[in-house]
Amino acid sequence: MNTKFILSRLIQLLITLLGITFITFSLVYLAPGDPVRTMYISSGNIPSEAIIEQTREAMGLNQPFGVQYANWLANIFRGDFGISFSLNQPVIDIAIPRIFKTINLALAALAMMLAISLPLGILSAIKANKPFDYAVRAYTSLGISMPGFLIGTLLLYFVGLKLHLLPIVSTANNIQALILPAMTLAIPMSAKYIRQIRSVLLDELEKEYVIAAVSRGIPFSAIVIKDILPNILLPLITLLGISLGSLLSGVAVVEVIFSYPGIGSLAVDAIIAYDYNLIQAYVLLISVIYMSINLLVDISYSYLDPRNKLERG
């Protein structure tokens with residue numbers, strides 16, 4: 001492993017995160033609404049203007065932008081994301097449990113997606129231009145064209161309300177209730193993965209080493225498992241890394257539809273309540289996870305593809 005490469009990527013990650021913190025804080029600072037007033041109203045109080053000003057001064061919200069940003073950034077490095085204005089609790093205590101629930105949902109969606117896309121993608125390539133292939137391609141076209149909220153609504157209505165097969169309100173502690181939101185995320189992803197796997201597999205099937213192996217009488221299933229699948233591993237890892245990061249940052253709609261208590265639904269509630277500290281924590285935590293996943297994918301390339309290792313020295 002090239003230590004210089006990892007160090008350079010870590011430096012890039014820190015610089016990017018610093019830029020994200022500045023942009024996020026700037027947008028929140030310029031956003032309409034008064035977090036102090038929101039905090040009091042959410043607790044059922046209607047304070048006077050004098051109390052609002054005193055609270056704003058005690059929280060440092062009357063200071064210049066640069067001072068507020070520097071103080072906020074210093075607190076972030078200490079693991080202090082501030083107090084939620086709407087819930088009146090430490091942000092870190094609210095966000096961390098919710099983000100782990102979203103990770104559980106994302107991992108369940110990835111597992112379900114792989115269970116759908118791997119066999120369908122492989123069989124679609126092997127049976128190219130046959131009825132099974134046409135059916136799979138029709139599924140991929142439908143899955144890519146349908147937005148996630150529509151898939152979720154249809155699953156909720158038919159599977160949950162009409163057939164009563166699965167719960168329609170999801171919780172992080174009930175595996176059955178996790179199936180519908182995970183399926184909502186998995187269906188459009190599986191459509192993209194099936195196309196990718198089919199395309200890569202068709203290219204591999206035309207290469208000389210496959211033709212030579214077939215001519216020697218090696219069983220076709222053994223060729224696919226031992227020779228072809230390892231060659232499609234690299235593009236699959238890239239897609240998995242991108243998909244996991246996208247899932248964590250884009251599950252808000254699905255979590256709201258199924259009332260799933262994840263970080264996405266928390267972010268939606270924070271936006272509605274003008275809870276700036278929660279919004280800032282959400283953006284920062286998702287950014288850290290997304291970029292960390294990309295870094296791990298790049299590092300894994302050095303282990304799985306010797307050419308990358310040679311190029312980096």
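The values are calculated or read from the model by the stated rules, or taken from the named source; none is laboratory data. Fair warning: this is a prediction, and the values are worked out from it, not measured in the lab. Virtual Cβ from ideal backbone geometry, glycine too; neighbours counted across all protein chains shown.
Summary table below
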{"item": "Members of region 123-142 that are in a helix (DSSP H, G or I) and either touching a helix residue (DSSP H, G or I) at 6+ places or on another chain (Cβ under 6 Å) or hydroxyl-bearing (Ser, Thr, Tyr) (or both)", "result": "Ser124, Ala125, Asp133, Tyr134, Val136, Tyr139, Thr140, Ser141"}
{"item": "Among (1) in a loop (DSSP other than H, G, I, E, B); (2) loosely packed, with under 15 Cβ neighbours inside 10 Å, the one test that Ala74 misses", "result": "(1)"}
{"item": "Sole residue being in contact with a helix residue (DSSP H, G or I) (Cβ under 7 Å, 6 or more places away or on another chain), among the β-branched types (Val, Ile, Thr) and farther than 22 Å from Ala186 by Cα, chosen from Ile279, Ile225, Ile257, Ile237", "result": "Ile279"}
{"item": "Residues that are in contact (Cβ under 8 Å) with a residue 12 or more places away in the chain, assigned to a helix (DSSP H, G or I) and within 22 Å of the chain's Cα centre (by Cα), drawn from region 143-167", "result": "Gly143, Ile144, Gly148, Phe149, Ile151, Gly152, Thr153, Leu155, Leu156"}
{"item": "Qualifying positions in region 237-281 - hydroxyl-bearing (Ser, Thr, Tyr), buried (at least 17 other Cβ atoms within 10 Å of the Cβ) and part of a loop (DSSP other than H, G, I, E, B)", "result": "Tyr260, Tyr274"}
{"item": "Flag for Ala106 being within 15 Å of the chain's Cα centre (by Cα), crowded, with 20+ Cβ neighbours inside 10 Å, in contact (Cβ under 8 Å) with a residue 12 or more places away in the chain and assigned to a helix (DSSP H, G or I)", "result": "yes"}
{"item": "Condition met for Glu49 (surrounded by fewer than 12 Cβ atoms within 10 Å (Cβ to Cβ), over 25 Å from Ala267 (Cβ atoms), free of Cβ contacts under 8 Å to residues at least 24 places away in the same chain and not small (Gly, Ala, Ser))", "result": "yes"}
{"item": "Cβ pairs under 9 Å, 6+ apart, first in region 208-236 and loosely packed, with under 15 Cβ neighbours inside 10 Å and modelled with pLDDT of 80 or more, second in a helix (DSSP H, G or I) and of a type in the set (Val, Ile, Thr)", "result": "Tyr209/Ile223"}
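Here's the yes/no breakdown for (1) modelled with pLDDT of 85 or more; (2) over 19 Å from Tyr274 (Cβ atoms):
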site	(1), (2)
Thr3	no, yes
Ile23	yes, no
Ser26	yes, no
Ser43	no, no
Glu53	no, no
Val67	yes, yes
Asn88	no, no
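Conditions tested, residue by residue: (1) under 23 Å from the mean Cα position of the chain (by Cα); (2) of a type in the set (S, T, N, Q).
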{"site": "Arg198", "(1), (2)": "no, no"}
{"site": "Ala213", "(1), (2)": "no, no"}
{"site": "Ser265", "(1), (2)": "yes, yes"}
{"site": "Ala273", "(1), (2)": "no, no"}
{"site": "Ile279", "(1), (2)": "yes, no"}
{"site": "Val288", "(1), (2)": "yes, no"}
